[in-house]
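Asks: The structure under discussion is supplied below as structure tokens; questions concerning it will follow.
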Amino acid sequence: MSDRREDSIRASWLDNAAAWTAAVRGRHIESRVRVTDAAVLTAIAECGARRVLDVGCGEGWLCRALHAAGISATGFDATPKLIEQARQAGPGEYHVLGYDGFAREPAAVGTGFDAVVCNFSLLGEDIIPVLRAAGETLRHGGALIIQTVHPFADSPEGVRYEDGWRVEDFEDFAPGFTTPMPWYFRTVASWIAALREAGCVLESCREPVHPDTRRPLSLLLIGRKQ
Ligand SMILES: C[S@@+](CC[C@H](N)C(=O)[O-])C[C@H]1O[C@@H](n2cnc3c(N)ncnc32)[C@H](O)[C@@H]1O
């Protein structure tokens, strides 16, 4: 069952690649524009990273932003159309690669990174293999940075606060999304446990909020490889 959902996640990105690229580049996702893009860039800068791996990089905005700041970035993603968009939009090293392939051979994208970043890209249930692979590509003492939708941002009244599959219909994003995506909801404790299980020690836990409503938008975890 879970494998079928993992396949559906990848299929939805294939179908929604153009809409996603337009939404990100058109700055249609308010939480990103106002809060979460800056939050992840600040976390990377605070780590002092000079070489970064962007896991599930999408159309490549983060790699481009890092490159503009003089930081070397390598991105990989399973969706060929998104990697094509990333390559067309600027310099940087990009690979078409799924998490299964990354888990089998982490070094295929390089090693010795100062930071590995998963920015809203861990969507499935079994994330430990990809997090362990991320750890393999880090230098000793390197940082694993995860930003994800804050669990409280997606916990409507009456819905149980527990790990489990949900569906994103992209209705609040922008026009053009055709295919809903299953995604695996995790509690805060579950995210922290995953980081530990992947061999990292939690160094920092941040909860960037909407500047007006003060509601949490994302959960940002920084772990250190031991
Ligand atoms: C919400 S987007 C985030 C993209 C990018 N990190 C950003 O911040 O704009 C999720 C990304 O995860 C990628 N992804 C999902 N499942 C994947 C998998 N199994 N292997 C590799 N990439 C995957 C998708 O193709 C998509 O680009």
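Since every read-out is calculated from the coordinates, none of them should be taken as a lab result. Keep in mind the model is a prediction, meaning the values are calculated, not measured. Neighbour counts run over all protein chains shown; Cβ positions are idealised from the backbone, glycine included.
Asks: Only Lys, Arg, Asp and Glu count, each charged at its Cβ (+1, +1, -1, -1), so figure out the dipole size of the chain about its Cα centre, rounded to 20 debye. All intermediate terms of the calculation are to be shown ahead of the outcome.
Replies: Values: 24 positive and 30 negative charges, 134 e Å.
That gives the chain a dipole magnitude of about 640 debye.
Asks: Continuing with the same structure: What are the equivalent ellipsoid semi-axes of the chain, built from the alpha-carbon gyration tensor (square roots of five times its eigenvalues), in whole angstrom, biggest first?
Replies: 23, 21, 19
Asks: Here is a further query. Cα centroid distance between the stretch 157-226 and the stretch 59-105, in Å?
Replies: 22
Asks: For His210, list long-range residues whose amide hydrogen, built 1.01 Å from N in the peptide plane, is under 5 Å from its own amide hydrogen.
Replies: Answer set, sorted by chain and number: Arg215, Leu217.
Asks: Please turn the phi angles of the stretch 181-198 into ³J(HN,Hα) values with the Karplus equation 6.51 cos²θ - 1.76 cosθ + 1.60 (θ = phi - 60°), one per residue in order, whole Hz, x for glycine and proline.
Replies: My calculation for the stretch 181-198 gives 10, x, 8, 9, 6, 10, 6, 4, 4, 5, 4, 5, 5, 5, 4, 5, 4, 7 Hz in order.
Asks: Note down the magnitude of the dipole of the stretch 59-129 about its Cα centre, charges +1 on Lys and Arg C-beta and -1 on Asp and Glu C-beta and zero elsewhere, to the nearest 20 debye.
Replies: Dipole of the stretch 59-129, to the nearest 20 debye: 240 debye.
Asks: Need one number: nm distance between label points at Arg196 and Ser155, each 7 Å from Cα along Cα→Cβ, rounded to one decimal.
Replies: 1.8
Asks: Further, regarding this structure: Would you mind calculating the relative contact order of the chain from Cα pairs under 8 angstrom and at least 6 residues apart, reporting the percent as a whole number?
Replies: 22 percent.
Asks: Could you check which residue among Cys200, Cys47, Cys57 shows the biggest mean-square fluctuation in a GNM of the chain with a 10 Å Cα cutoff?
Replies: Looking only at Cys200, Cys47, Cys57, the largest GNM fluctuation is found for Cys47.
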